[in-house]
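Let me begin by presenting the structure, written as structure tokens, before commenting on it.
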Amino acid sequence: MRRLSRAATLVILAGCGYTSQYRPPADGRARPLWRQDHVENDLGQIPITRACVEAIYATTHPEPPRARARAAQFWIPPPATPPVARVADRGADDYEAASFVDPFLTRGFIAMVLLLPILDIVFAADRPELEHFSAEAIDDLNAYNDLARRAGTPCSQRAP
Amino acid sequence: MRALAVAALLASACAHTDYVPEVVARGELVLQQRRGGLEMWAANQRVARSIEWRGLESFVRCVPDAQRHAQQARRDGRASLALAIVGGSLGVASLGSLGGLADEPHRFDWLGAAAGAAALGAVAAGLSRLYRNRANGHAVDALDFYNDAAGSRGAACD
């Protein structure tokens, strides 16, 4: 049991990991950085204006947000649930602990044995990096670098 | 509600970058997130991708810090792949051991073997995730060191 719990701890901790050893210089160019299990960017360390932030968003989300149509819907209250009939409590004399524990333990053990291999296969095949956060961070930094290198944008500067 | 949560989880698991940078220096490495994982591109050609990051080491060979990180990315990526295969195989073997439940006299022996294989597989799969994160981290560091020294300045190791 101890070995299993140690193994489980190792599995849980194994999802974490590496943090970038690279330290970005303050030269106005955005970089990707790795934090544990996903990509971040260093845009937070670059002094950019609100207009630049909005330009980055507009660049990475080219379709204008759709105006919300006036909702012709009303809140629909949930249907009233009928009262639940109370089940009469069984007498304690009917309870037999000995015949209950053994099949329960067996079923629990089988359930665990069924679940673990599925977890193995899922963990082995799954990608641990948080893709949604990584994709967003990468899009933002690439958009910013493009805007910073172009003249006449809210982010324009002499970025290397 | 459960279906929505599962769909959201699946959708986030397949997230990818939407924006392709246009103002890029000649030898500059660009990071992208595709359906198959992280990728690095230069001059509109894919240089390397996760897990193994093959090709990155030779691309950044002229920048020592970048090459060192690219080598580590390749090693960690290979370890991740090997451990993923071991973990998945043990998981499949564990499921196969459950067929021994039909062997009434040795049922718990089979269950014990299945549980042991599954536990080992879980450890291997967990270590695979660790090494994959490390490989990606080293690859991103290699990109940053290389771009600082050469890529963003319009230079390349070729």
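Structural remarks
- On the stretch given as region B:102-141, residues that are more than 7 Å from every other protein chain (Cβ to nearest Cβ) and among the basic types (K, R) total 1.
- So B:L56, is it facing chain A (nearest Cβ under 8 Å) and touching a residue at least 60 places away in the same chain (Cβ under 8 Å): no
- Members of region A:142-160 that are facing chain B (nearest Cβ under 8 Å), assigned to a helix (DSSP H, G or I) and in contact with a helix residue (DSSP H, G or I) (Cβ under 8 Å, 6 or more places away or on another chain): A:A143, A:D146
- Taking the criterion of being of a type in the set (A, V, I, L, M, F, W, C), surrounded by fewer than 17 Cβ atoms within 10 Å (Cβ to Cβ) and modelled with pLDDT of 95 or more, the only residue of region B:33-80 that qualifies is B:C62.
- Answer residue from region B:132-158, given it is over 13 Å from B:Q71 (Cα atoms) and of a type in the set (K, R) and is surrounded by the fewest Cβ atoms within 10 Å (Cβ to Cβ) among those: B:R153
- Qualifying residue in region B:3-14 (condition: in a loop (DSSP other than H, G, I, E, B) and either over 11 Å from B:A139 (Cα atoms) or at pLDDT 95 or above (or both)): yes
- Of all residues in region B:73-95, those satisfying the criterion of being within 11 Å of A:D120 (Cα to Cα) and not aliphatic (A, V, I, L, M) are B:G87, B:G88, B:S89, B:G91, B:S94.
- Qualifying positions in region B:18-57 - in contact with a Cys (Cβ under 8 Å, 6 or more places away or on another chain) and of a type outside the set (K, R): B:G27
- Within region A:39-53, the set of residues being touching a residue at least 12 places away in the same chain (Cβ under 8 Å) and farther than 17 Å from B:D18 by Cα comprises A:D42, A:L43, A:Q45, A:I46, A:I48, A:T49, A:A51, A:C52.
- When region A:25-38 is filtered for residues that are more than 16 Å from B:V20 (Cβ to Cβ) and not acidic (D, E), the ones remaining, listed by number, are A:P25, A:A26, A:G28, A:R29, A:R31, A:L33, A:W34, A:R35, A:Q36, A:H38.
The values are calculated or read from the model by the stated rules, or taken from the named source; none is laboratory data. Remember, it's a predicted structure, so these values are computed and weren't measured experimentally. Glycine also receives a Cβ, built like all others from the backbone with ideal geometry; neighbour counts cover every protein chain displayed.
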